[in-house]
Every structure is written in C-alpha cells, then in structure tokens.
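Structure first, then comments.
Throughout, read-outs are computed from the coordinates displayed, never taken from laboratory work. The structure displayed is predicted, hence computed values, not measured ones. Reconstructed Cβ throughout: ideal geometry from the backbone, glycine too, with neighbour counts over all protein chains shown.
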Amino acid sequence: MNQEIILKNVSKYYGKKKAVDGINLTISEGMFGLLGRNGAGKTTLMKILATLHNPTEGEISVNGINIRETKKIRSMTGYLPQDFSMYGGMTAYEVMDYLGTLSGMKKEERKKRIPELLDKVNLSANHRTKVRAMSGGMRRRLGIAQAILHNPQILIVDEPTAGLDPEERVRFRNLLCEIAQDRIVLLSTHIVGDIEATCEDIAVLDNGKLLFRGTVRELIEMAEGKVYTAEISRMELEELKAKHIVTAILSKGSMAEVRFLSEEGTPFEKAVLTEPSAEDAYLYLMGREGGKAVCG
Amino acid sequence: MWLTLFRKECKMWCKSIMFFGYLAVILFFYLTQMGSEDVPAKPEPGKESYGYHYSTDEKVIMETAMDNLLYEYCYGVYVTYPMGFYKGVRLNKEKTEKIEVIIEKLTGKTDEEFKKIINDYKRGVKYESSGGASYQTEAAPLDLKLSKDITYDEFLGYMEQAAKLIGNGSKYGDTYLKSNARVPLTYEEALHEYNQMKEKDRFSGAYARLYCDYFGILLGIIPVFFVTSRVLKDKHSHAKGVLYGKSASSAVIITARMAAICTILFLPILLLSLLPLSQAVYAAGKAGITADYLAFLKYCTGWLLPSIMAVTALGYFLGELTEGVFPILIQVIWWFASLLANVSQMIGGFGYNLIPRFNSLGEYSVFYKSRDSLVWNRIVYTVAALVLTAALVYLYECKRKGIYIKNGKVSKAHIRKSKA
C-alpha cells in the first residue's frame, strides 16, 4: 500500500489565535522535514498528526484513514514528543515494556522487540538505568526506541535534537535515517542542519502558514545568486546588517568575514557571489517580505 | 491488554513509598483501635454492670430528654456539639422564658407551680469545699416529672422548639435526641445480646462490622492521596504526550489504573482482617460454634470497597480536571463533614454518609434494623463511582484529543467547531 499523509486545508485555532492556517500538504514515504522558527505551528501540526489535537478545520488522511479514527491512527503511528520523558523511577526496559503494553503489543512480541530496539539505540547496557539517571541524549534515544516499538508505519519526531551535543545529534540523525526505510518519518525542527543532513522533502512553516514545499535542492536554488561573502572592517558591519540579512560572521581581528543575502545583484565591490547553503536559503525564505508561499 | 496494564500498575504501586506508608498506617490504626478488643464472654448473673445501650423505648427517650432539659435549665448551660465540637450555650432571658414554657407544657405544671419547684430546688443546692475547690451538691431531687398526658408526637414538637432556641447540635435535635436514652443493660438483655452475637453473627460478623467501622474512616480519605499522586506523576514526569499517543483506549487506561489503586488499597485491608478473624474464630471456638470465615470478606467487600471506589473515582476525576491537589482539599472537606455528621450516630446511623459507622462489637438487632439503609448507601456510592468513572473516561479521551485544556475548560476552538 502506498504510504501517504494528505492534509487538505487544515487549520487549528487556540481561541482566536490561528496556530495552523489552511495547510495543504502531501507527505510520502521516507524522511520528511518540517522546518520553521519557534512558534511557527510545527508542534501543533505534529500533535494533530499524532491525534493529540483535533484540527479545527480541514481533512487529514493517513494511509487512507481519516485522522478522526484515532485508535487506528495511533496504532500505526509512533510519536516522540518534543520533551519526551517517562516516570523517573522506571528503568529503560520498564518504560519500553509499559509503553509497549499501551500500544497493544503481546508479551512475547515485547520480549523480542525491546532488546532489539534498545540495542539499536545503543541502550542495551543501560536497560536497567532509571529514567531519572539518564542524560538528555539517552532519553531521546529511549524516546525513539519507544516510538518505533510497535513498528509503526508513520513516525512523528518533534524537535528531537534540541539540546543534544554535536556527537549525539549526528548519531540521532543517522538513526532516524535508518528507521525511515519503508515508512514515513516526519521530522520537525528549527535546526536547518538536521533537515539538510537527513531529509530530501521538506516544508517550511511560518505563522501557521506553509511557506515552502519542495526538496532541499529546490530551497537552495531559490537563494542562488543571492548569497555573497565579503571581508569588511568591523566598523562597516552595522551598516551591512542594516541593509542585508547576515547569515554568518567570522571575526578576523579588526576585520570580519561576513556571509550575507542580497537581492540587488553585487551590492559592493568587495562582495563575492557564493554557493548558498540550506541555512542561507532558509533565512532568505524567512526574510522575504510577507513570507510569500512558495509551494512546489 | 487490560490485565497486563493492571498488573504493571499494581507492581508500580507495590514498589512505591506511598504504599509502604499506607501499610504502616493501617497496621498502626488496627493496633491502636482494635488491637485491645476483648473477646466477648457469656454474661454471668449477679454482676454489677452489663454495659449500656441506647433505648428505643419512646417513654425512656422522653424521660431522659426531659431530665437532660431540666438539668441544663437549672444550671443555665446547654451542651451542644455544632460541627461535632463542644460548645456551652447560655440563653438570654427571653429564650430562657420560652424554655420554661416548654418545660411547663411537658410537666403539666402551671407557671407558678414550676417556679416554686425550681426555687425550692435551687435553695436546696449546697456547695462543699475540698482541697481549695468548691463542689456543687444536690440537697433534694427535683420534683418534676413528664406529664402522662403528653404523647410522643407532642413531645417531639416541644423538643424541636427547644432545639431551635438552643441552636445546632443540642441534645434535643433530631440527631441527638435518641442517643440521650443511654440506659444500663439488664442481665437478660446482655444475655440476649450475647446469644445474638453467637447465633446470628457467629462472632465474626460482629468483629467484621467493627473492623469496617474503623477502616471506613481511613478509606474515606486515603484513596484521594493515591489518585492525586498518580495524576501528578503523569504531569510532573512529562509523560502525558507519549502516553496520550498510544493506541490503548482511554477506558482501558483509566479502568486499569483505578482498579490497581482500589486493589492495592483493598487487599492489605483484607489481609489484615485475618487478625480480627482469628479473634472471632477463638471467641466462636470458646462458645462451641464455628465462626463464619467469609464474614470479613463479605463485610469488607460490601462496606469498604464502595468507599474506596467512590473516593478514588471522585479524586481521579477532579485530578484529571484540575491536574493539581484540589481533589485532596475537596476530599478532606467531605471526609471531615462525614465524620462530624456521624458523631451522634456512631452505631447504625448510616443514611447516605460516606463513612457508615457501627462503633460497637455486637448489637446485631440494631444493625439488622438499619441493614437495608446500609445496603442502599453502599449501592448509591458504587453507582456514583461507576458514573464518575464513565465521566472520567470521557474526560481523559477529550484530553488525549486536545479538546480540553489544562484548567479543565473546553477549548474555544472545540466550541467553535461544535457550533459549526
């Protein structure tokens, strides 16, 4: 069966505030990245897809099943919330066993899957470690293990790498890529590097609206011919910041090597046109006037 | 899935400090309240006292109430227990005159005759000093008796007037009037009482009632601490997000958790009941009969389990609604009010009180008369617990779908959708 999540004109209100505003989106098998600044509506959309929030308007189908059929959707979905944690007194194994039970898994199935998954997330040696004694990275890995315990067709992962050290973050991203085979993995983050390293298809949200839908390559193409580098004196830095979006600054004594965006062609003599990165492209998109939607 | 989850919840509780604290509390409570209960022995003729009981004889009730009213009138202080605490009430002149009219009606005396008797009595009261303290002594008994022409209904009417004048918790209100009639047991009555305990209760029934009386008090409050702790555990561990997203139905999660709490609270009570059961078995053996070994199981299940269920269901519902310690506050108020409401009816005044009291070893006939009332009481609490559980399942499901926000209000977004 073709794995697909289809969102049609989905909106979500909190009182008068529109957290998600008329989203139309189709998500297919593999890693899908949802990018946006804090408060863009990513977590709300993730919660809607995990059936933890009802959409106020619109229709969603997950592999052909209406999102309002919560029991069916939950049985085919794994969810790792932004602030995953469990009861502090439980060990890693007990957490998996408890949550596996809540997912309707039989005892034999749990006994077989739990050690496998703990091994996969590199927690075999810590299966007796209590949650309260785990580091942030260990908890996230336990979180991902519990989310895929019942072998879901859809995996929803909300801001999984926030607060992790670089090594742990790379390990976590690789783990997600491994898991993404034969299922949809929906990754939400505001860290562009995570998306760039793991996802082909992405969507960018801002103020609840869909700003961009396409591939990472397409996002980067949008910023082609608009990214420059230049070495300027630190005195000129403020003036440059006032005129352009500066995406990186590298201090070199009284000078600074800057990377910035410009729509107007070569802005000054010293500026050198350069290849955009995904982060440049994302900042270019977010900085565009009014955030016009660009959906591929 | 339900059974596995139930077992896991029970296991979680059994490893908790709270559970060990609970075991310590019930053991301490048992030892201090019931541990020294004497084994009932067959009354022997010729003893000075066989104990007391509350008479149901209308004449006795009227005479004792009359004596109390006269005594309190003469000393000018009326004993009351509003909210269960002692308060001595002194009436003003106008109210005292109204009390005098009531006494005149009850005794059939004219105002002049009444005043004369009272004045004679007061003149006869003398004071004795001993060790620096002064004691009031009666020189002659008060020559005032209840009129033979007064019917019980008329008497109740006068008592109602007196109760209104004195205030809440007086000896003349509905609550306390019958408990005034505390009279000594005769040998025959004591023997009858013993025979009933032996034949009808087979001793174990009497012990089980007393056991339920004591533990009903504890179980009217303790479950709320467990459920509040369970709700706060989800909240403080930030586990809600991941728990809500699992495929188990809300009915399974809620009922398994509630059943686990009820079980871990109820089983130790049942186990502990083996101690009083052994006392009952010993008493029965001494009397040459066999005790009812299932008496404690029957009484505890019918009497204590509905209390556990009701307090658990209400606490859990309010806990999920407010996600705070609000249920504890509510339960403490309810528990305290239930205890105070029973102060005057410690034996068999069941009504619809959360904590049915029967603070006596024996008195089968008193229990038998109010047994139906207890049965209805327990049915009401069981049904209420089931209804609250159903409401809780609905509430939990709404929370899982994000329809309810934290403070329990229906989200405006949901209202908007519903209207559309």
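Observations, loosely collected:
- Annotation note: trypsin sites (Lys or Arg not before Pro) in the stretch B:1-30 located in DSSP loop regions with a Cβ neighbour count of at most 14 within 10 Å are B:LYS15.
- Whole-Hz couplings from phi, Karplus 6.51/-1.76/1.60, listed for the stretch A:14-25; x for Gly and Pro: 10, x, 8, 7, 8, 7, 10, 10, x, 7, 10, 7
- With Cα atoms, 0 to 90° folded angle of helix A:166-179 axis to chain A main axis: 60
- Gyration tensor verdict on the stretch A:143-204 (Cα atoms; rounded if a/c is under 1.5, prolate if a/b is larger than b/c, oblate otherwise): oblate
- Once Rg and the Kirkwood radius are both taken over the C-alpha atoms of the stretch A:113-263, their ratio Rg/Rh works out to 1.10.
- Within 10 Å of the Cβ of each residue in A:99-112, the mean number of Cβ atoms contributed by other protein chains is 4.
- Cross-link table A:LYS17/A:LYS241; A:LYS106/B:LYS298; B:LYS59/B:LYS164, entries beyond 30 Å C-alpha to C-alpha: A:LYS17/A:LYS241; A:LYS106/B:LYS298
- For chain B, built as a Gaussian network whose Cα springs stay under 10 Å, the top-fluctuating residue of B:SER170, B:SER307, B:SER49: B:SER49
- Cα pair distances exceeding 36 angstrom across chain A, given as percent: 25
- Folded to 0 to 90 degrees: helix B:58-75 orientation relative to chain B principal axis, Cα: 70
- Between 0 and 90 degrees, the angle of helix B:204-219 with respect to the longest Cα principal axis of chain B falls at about 70 degrees.
- Residue-wise HN-Hα coupling along the stretch B:293-307, computed from phi with Karplus coefficients 6.51, -1.76, 1.60 (Hz; x: Gly, Pro): 5, 8, 4, 5, 4, 5, 5, 4, 5, x, 9, 8, 4, x, 5
- Put simply, the amide H of A:ASP206, placed in the peptide plane, has neighbours under 5 Å in A:LEU211, leaving out anything fewer than 5 places away on its chain.
- Between A:GLU109 and A:GLU224, the FRET efficiency estimated from the beta carbon spacing at R0 = 51 angstrom works out to 0.55.
- Proximal aspartates and glutamates relative to A:LYS8, as straight alpha-carbon distance under 20 Å, when same-chain residues fewer than 8 apart are discounted: A:ASP21, A:GLU29, A:GLU57, A:GLU59, A:GLU69, A:ASP201, A:ASP206
- If the convex hull is drawn through the Cα atoms of the protein assembly as shown, its volume per residue in Å³: 277
- Projected label distance in nm at B:GLU58 and A:GLU275, using a 7 Å step from Cα toward the beta-carbon: 10.8
- Along the stretch A:107-116 the Karplus relation, 6.51 cos²θ - 1.76 cosθ + 1.60 evaluated at θ = phi - 60°, assigns HN-Hα couplings of 4, 5, 4, 5, 4, 7, 6, 4, x, 4 Hz to successive residues, with x for each Gly and Pro.
- Sparsely packed trypsin sites (Lys or Arg not before Pro) within the stretch A:10-74, loop by DSSP, other Cβ within 10 Å at most 16: A:LYS16, A:ARG37, A:ARG68
- Pairs exceeding a 23 Å alpha-carbon distance, out of A:LYS18/B:LYS246; B:LYS15/B:LYS233; A:LYS12/A:LYS226; B:LYS171/B:LYS198; B:LYS47/B:LYS286; A:LYS111/B:LYS246: A:LYS18/B:LYS246; A:LYS12/A:LYS226; B:LYS171/B:LYS198.
- Shielding by partners - mean other protein chain Cβ count within 10 Å, residues of A:84-97: 3
- Estimated FRET transfer efficiency (B:VAL383, A:GLU236; beta-carbon r; R0 56 Å; 0.05): 0.10
- Annotation: average projected area of the stretch B:1-90 is 13.4 square nanometres, based on the convex hull of Cα atoms across all directions.
- The stretch A:182-231, relative contact order in percent, only Cα pairs under 8 angstrom and at least six apart counted: 22
- Per-pair calculated FRET efficiency, R0 = 60 Å: B:TYR71 and B:PHE20 via Cβ, rounded to 0.05: 0.70
- Within straight-line reach of B:LYS178, meaning a Cα separation under 12 Å, sit the following aspartates and glutamates at least 8 residues removed in sequence or on another chain: B:ASP57, B:GLU58, B:GLU63.
- Lysines whose Cα lies under 19 Å from that of B:LYS116, excluding same-chain neighbours fewer than 8 positions away: B:LYS93, B:LYS98, B:LYS105, B:LYS126, B:LYS145
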